[in-house]
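What follows is calculated from the coordinates using simple rules that are stated; it is not laboratory data. None of the values given here were measured: they were computed from a predicted structure. Cβ placement follows ideal geometry from the backbone for every residue including glycine, while neighbour counts extend to all protein chains displayed.
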Amino acid sequence: MVSTTCGKITDNLSTVIVGKERTIELLLVALIAEGHILLEDVPGVAKTLMAKCLAKSIGGTFNRIQFTPDLMPADITGFNVWDQNSGQFAFHPGPVISHVVLADEINRTIPRTQSSLLECMEERQLTVDGKTYSLPDPFFVIATQNPIELEGTFPLPEAQLDRFLLKASLGYPEREEEIRIMDKFQGKDPFEAMEAVATSEEVLELRKKRRSIRVAEPVKAYIADIVRATRKHSAIEFGASPRGSLGLMRAGQARALVRGREFVLPDDIKSLTGPVLGHRLVLKQQERLRGEESRAILESILEDIPVPSAEG
């Protein structure tokens, strides 16, 4: 049932999203691993559409929050308003109270507002005027950043970036994929015909199953070696924390589940090292000035660490 659910969601997304199998898989991995994902890419490559399609596929509620410099925390979480009829304050819920939340251009708002969302991501709850409200379960944030237009932005600090399980980009489509996109959208919008193929309860079942996916001791040692290597590398100022180790393990479990396995392979870890650890590293200033990228450094680290055989 589990692999069937993953397959149905993947196939449903693919009816609208063309040629982004890797990103779709990462999206599912983040969802099942109880994390959140940051998509960094140029406008117009279907980041918003992908978020809407995922919410529709799992029969969940969806809200899009457009982050702007004047956005305030209450615009995200909600606020209390005095009700003259009842003589009490009434809570008006904000858009964050949803199964899938698209935080569009999260780096365009002030740090205080960014932090209000990240608190919801971490705690799965929000507090307004001393009263705590639970968020829907599952609760999944897809945040986006535009890497080109940096004027008027407030880049997420490393401590906040660390709250995202994965960071990915969609990239431009290939020539044949672009033609297929035009074919799909020439007539009726395929999103309008999309229907739910799973339920929120089935997503929660996937998350429960993920926790039972086996991670052999050699695979755990492989994860530890990768993370420790980021702390010793000459080009890295600050390597990944234990949160990175846990994130890599949980993401590996989720990828194994998506692919219909009951155990994590070293290949799962290799495939996810860049998306899970890349945004958690702080490179030394001279490396940044030389244009070095964390993904390239991680690739060199993976080349140097022996890979355990099979599942360990």
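Straight-line cross-link reach from residue 232 at under 18 Å between alpha-carbon atoms covers these lysines, not counting any fewer than eight positions away in the same chain: 284. Restricting segment 214-312 to trypsin sites (Lys or Arg not before Pro) that sit in a DSSP loop and have at most 15 other Cβ atoms within 10 Å of their own Cβ leaves 259, 284, 290. Toward the positive end of the charge dipole of segment 101-258, with +1 on the Cβ of Lys and Arg and -1 on the Cβ of Asp and Glu, the farthest Cα among 193, 168, 213 is that of 213. Measuring nothing but how far apart in sequence close Cα pairs (under 8 Å, 6+ apart) lie, relative to its length, the chain scores a relative contact order of 22 percent. Roughly what % antiparallel, to the nearest 5, for the DSSP beta bridges in the chain? If I count the DSSP bridges inside the chain, around 40 percent turn out antiparallel. Each Lys and Arg adds +1 at its Cβ and each Asp and Glu adds -1 at its Cβ; summed about the Cα centre, segment 136-181 shows a dipole of about 100 debye.
Between residue 169 and residue 131, the contour length at 0.36 nm per residue exceeds the alpha carbon distance by 10.0 nm.
For segment 205-312, the relative contact order works out to 36 percent when only alpha carbon pairs closer than 8 Å and six or more residues apart are counted. Could you give me D for segment 138-250, from Stokes-Einstein at 4 °C and 1.567 mPa s, where the hydrodynamic radius is the Kirkwood radius over C-alpha pairs? Units µm² s⁻¹, please. After rounding, the answer is 69 µm²/s. Using a/c under 1.5 as the rounded threshold, could you call segment 185-252 rounded, prolate or oblate? The axes a ≥ b ≥ c are square roots of the C-alpha gyration tensor eigenvalues, and prolate needs a/b larger than b/c, oblate otherwise. Oblate is the answer for segment 185-252, as a/c is 1.5 or above yet b/c matches or exceeds a/b.
Calculated FRET efficiency, residue 49 and residue 124, Cβ-Cβ r, R0 30 Å, to nearest 0.05? So the FRET efficiency works out to roughly 0.70. Cβ-to-Cβ counts within 10 Å put 53, 6 in ascending order as 6, 53, the fewest first.
Only lysines eight or more places from residue 8 in sequence, or on another chain, were considered; those with a Cα closer than 26 Å are 20, 47, 52, 56, 167, 184, 188, 208, 209, 270. Within the shell defined by Cβ-Cβ distances under 15 Å, the residues around residue 117 carry a net charge of -2, with Lys and Arg each +1 and Asp and Glu each -1. In segment 71-224, the DSSP beta bridges split such that about 70 percent are antiparallel, to the nearest 5. Compared with the dominant Cα axis of the chain, that is its longest principal axis, helix 294-304 is turned about 30°. Each principal axis of the chain carries a Cα extent, and these read 69, 44, 40 Å when sorted largest first.
Remark: segment 121-127, residue by residue, has Karplus-estimated 3J(HN,Hα) of 4, 6, 9, 6, 7, 9, 10 Hz, where x stands for each Gly or Pro and the curve is 6.51 cos²θ - 1.76 cosθ + 1.60 at θ = phi - 60°. Here the chain is treated with +1 on each Lys and Arg Cβ and -1 on each Asp and Glu Cβ, and its dipole about the Cα centre works out to around 700 debye.
Between residue 299 and residue 177, the contour length at 0.36 nm per residue exceeds the Cα-Cα span by 41.2 nm.
A simple charge model with +1 on the Cβ of Lys and Arg, -1 on the Cβ of Asp and Glu and nothing else charged puts the dipole of segment 55-159 at about 280 debye relative to its Cα centre.
Full extension of the chain between residue 224 and residue 83 yields a length gain of 45.3 nm, computed as 0.36 nm times the residue separation minus the alpha carbon distance. Normalised by the number of residues in segment 136-260, the mean separation of alpha-carbon contacts (under 8 Å, six or more apart) gives a relative contact order of 27 percent. The ranking of 137, 129, 162, 268 by Cβ neighbour count inside 10 Å, starting from the fewest, reads 129, 137, 162, 268.
Taking a ≥ b ≥ c as the square roots of the eigenvalues of the Cα gyration tensor, segment 263-312 is classed as prolate, since a/c reaches at least 1.5 and a/b is larger than b/c.
Cβ crowding within 10 Å, taken as a proxy for footprinting-reagent exposure, orders 182, 249, 72 from fewest neighbours to most as 182, 72, 249. In segment 1-107, taking the dipole from charged Cβ atoms about the Cα centre, the farthest positive-side position among 89, 99, 58 is held by 58.
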